[in-house]
Each structure stands twice: as C-alpha cells, then as structure tokens.
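The values are calculated or read from the model by the stated rules, or taken from the named source; none is laboratory data. The model shown is predicted, which means the values in this text are computed figures rather than measured ones. Reconstructed Cβ throughout: ideal geometry from the backbone, glycine too, with neighbour counts over all protein chains shown.
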Amino acid sequence: MAEFPTELGVLTCLMLLAVSMWIPYVVGVSTDPSGEEAFARPAQIPNLRPWVQRAHRAQLNLLEQGMPFAVLVLIVNTLDGFMVLTYWAAVVFFWVRVLHAIGMITGIARMPLRPILFTTGWVCCLIMGYAVFAAV
C-alpha cells in the first residue's frame, strides 16, 4: 500500500469542510424570524440576519480560496513534489480556514484578524504554487 501524503489528507478534510459549509447558512435561513417561507424562493441575502449573511460569505470565501489551493495540491501530488514546506502550508491552510469560518460566522474575526487569516491562506496558496515550479 502506498503512503498517503499528509497534504492529501488535509485536502480531504478541507473539502469535507467546504462541502459542509452550507449547513450554518441553511440553518440560519430556515430559522429566519421574519416568517418568510425560506425555500419558496431564494433568500435575499441583505434581508437575512447578520450572522446568516456572514455564514453565506464564509462559504463563498472558503470556495474562493479552497479550490485554487486544492488544484495546486493535486498538481504538486502529480509531480511528486511534496516537501516539508508543502506539509506545513497544508496544515496551516486548513486551520486558518477553520478559524476564518468560525470567526466569520460568529463575528469575532474583525479587523485586522479576518484579513490576516485570509492573507495567511493566500500565502499558503503561493507556497503550493512555488512547490509546483520547484518540482518541475
């Protein structure tokens, strides 16, 4: 049996997080106190409670940064280019995205924390991009 790289394990966990990020949003929409039928028509985001708006944005934000990261990890895997740097980039990226989602939904992550978390994720993407070019 071949060794399963940590980066792919982290990527699997990240994608499970991404595919589950609809849950807070749907809970928020379906418990909306306005009395509107939540599934009769798409919710108007600006009319939702602030935490539900943030849950929606957290999901979009994870997809926005998670998909490029996932593609880069898969390219590095194809090139057999994993190294210590990619290991730590993957681990940091996952936990930064978890913290970003929690901070965004709860409203705890305000300036400057949320941009710092996002920028840290971006740097992790750049590291994976570097690993692609370092492997060729």
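Going through region 49-88 one residue at a time, which ones are within 29 Å of residue 23 (Cβ to Cβ) and β-branched (Val, Ile, Thr)?
52, 71, 73
Checking the conditions here, which among 81, 129, 103 is in contact with a Lys or Arg (Cβ under 8 Å, 6 or more places away or on another chain) and farther than 15 Å from residue 15 by Cα?
Answer to the check: 103.
Residues being outside any loop (DSSP other than H, G, I, E, B) and either among the hydrophobic types (A, V, I, L, M, F, W, C) or under 14 Å from residue 105 (Cα atoms) (or both): count how many of those fall in region 1-30.
19
Output the residues belonging to region 8-30 that are among the aromatic types (Phe, Trp, Tyr) and surrounded by 14 or more Cβ atoms within 10 Å (Cβ to Cβ).
Answer for region 8-30, where residues must be among the aromatic types (Phe, Trp, Tyr) and surrounded by 14 or more Cβ atoms within 10 Å (Cβ to Cβ): just 25.
Tally time: how many residues in region 31-78 are surrounded by fewer than 12 Cβ atoms within 10 Å (Cβ to Cβ) and part of a loop (DSSP other than H, G, I, E, B)?
Residues flagged as surrounded by fewer than 12 Cβ atoms within 10 Å (Cβ to Cβ) and part of a loop (DSSP other than H, G, I, E, B) within region 31-78 amount to 10.
The rows are residues; the columns are (1) modelled with pLDDT of 95 or more; (2) surrounded by 16 or more Cβ atoms within 10 Å (Cβ to Cβ); (3) in contact with a strand residue (DSSP E or B) (Cβ under 8 Å, 6 or more places away or on another chain); (4) outside any helix (DSSP H, G or I).
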{"residue": "80", "(1), (2), (3), (4)": "yes, no, no, yes"}
{"residue": "87", "(1), (2), (3), (4)": "yes, no, no, no"}
{"residue": "96", "(1), (2), (3), (4)": "yes, yes, no, no"}
{"residue": "100", "(1), (2), (3), (4)": "yes, yes, no, no"}
{"residue": "115", "(1), (2), (3), (4)": "no, no, no, no"}
{"residue": "127", "(1), (2), (3), (4)": "yes, yes, no, no"}
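Of all residues in region 89-136 being in contact (Cβ under 8 Å) with a residue 60 or more places away in the chain, out of contact with any Gly (no Cβ under 8 Å at 6 or more places or on another chain) and among the β-branched types (Val, Ile, Thr), which is farthest from residue 21 (Cα to Cα)?
That would be 91.
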